[in-house]
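Notes follow once the structure below has been shown.
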Amino acid sequence: MNNQTKKVVLNGLMIALVCIATMAIQIPIPGTNGYVNIGDSVIFISSILFGPISGMLAGGIGSALADLLSGYTHWALFTLVIKGCEGYIVGLILTKSNTILKNTSGVLIGMVFMVFGYFIAGSILEGSFIVAARSIPSNIIQGTVSIVLAIPLSHSLSNVKYVKSLKI
C-alpha cells in the first residue's frame, strides 16, 4: 500500500473511531444539556501515535460527526474547530519525542484548550459566561478520564510493530 493511501485509510479509521467513542458512551449532564464522552481519548491516541494532522482530522471531523449524529448540530462547527485544534496541539507538542511524561503534559495542554474552547463556545451559544461556566467541571472530568485511558493505551500501542509501521 502506498504512503498516500495509508494516510487516507488511517485518518478515516481514526475519524470513525473518534465518532464511535464519542457516541458509544454518552453520560448526560442535565445542567448543561450536554454529555461526557471518551472521544477525547481516541483524539489523544491519534495525536500521540500519528502526529498533529491525524489528531486534527480525527478530533475535528470525528467529533463534529458525533455532534451531528447525536442531535447536537448547533455545537458541530464549534466542535470541529475546538477538537481539531486540540488534536493538532497535542500532536505538535509530541512530534519530537513520546515519553510518558511528555505525553501527559501534551494531553493536559490539549485538555485545557478543549475546556477553554467549550467555555468560549458555550458563552457564544448561551449568551452568558456564567451559564457557560457550568460546563467546565464536566469537561475537566471528560478530559481527565480520556487522559487516564489514552496515556497507557498509546504507550502500549506505540510498542506494537504494526502500529510503528503505520507512522505517517
Might you check whether a residue that is closer than 20 Å to Ile100 by Cβ, in contact with a Ser or Thr (Cβ under 7 Å, 6 or more places away or on another chain) and in contact (Cβ under 8 Å) with a residue 60 or more places away in the chain occurs anywhere in segment 126-146? yes
Could you say whether any residue in segment 86-103 is part of a helix (DSSP H, G or I), closer than 24 Å to Ile27 by Cα, modelled with pLDDT of 95 or more and touching an Asp or Glu at 6+ places or on another chain (Cβ under 7 Å)? no
Of the candidates Leu57, Leu65, Leu69, the one satisfying the condition of being assigned to a helix (DSSP H, G or I), over 14 Å from the mean Cα position of the chain (by Cα) and in contact (Cβ under 8 Å) with a residue 40 or more places away in the chain is Leu69
Any chance you could count how many residues in segment 117-141 are closer than 21 Å to Val42 by Cβ and hydrophobic (A, V, I, L, M, F, W, C)? 3
Only one of Leu68, Leu125, Leu101, Leu77 is within 28 Å of Asn159 (Cα to Cα) and among the hydrophobic types (A, V, I, L, M, F, W, C). Can you tell me which? Leu101
Enumeration of residues in segment 13-62 that are touching an Asp or Glu at 6+ places or on another chain (Cβ under 7 Å) and among the charged types (D, E, K, R): none
In segment 49-94, how many residues are farther than 18 Å from Ile151 by Cα and acidic (Asp, Glu)? 1
Would you pick out the residues in segment 85-108 that are free of Cβ contacts under 8 Å to residues at least 24 places away in the same chain and either among the hydroxyl-bearing types (Ser, Thr, Tyr) or loosely packed, with under 15 Cβ neighbours inside 10 Å (or both)? Lys96, Ser97, Thr99, Leu101, Lys102, Ser105
Quick one: how many residues across segment 1-51 are outside any helix (DSSP H, G or I) and free of Cβ contacts under 8 Å to residues at least 40 places away in the same chain? 8
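The values are calculated or read from the model by the stated rules, or taken from the named source; none is laboratory data. Quick caveat: nothing in here was measured; it's all calculated off a predicted structure. Using ideal geometry, Cβ is built from the backbone for each residue, glycine included, and neighbour counts are taken over all protein chains shown.
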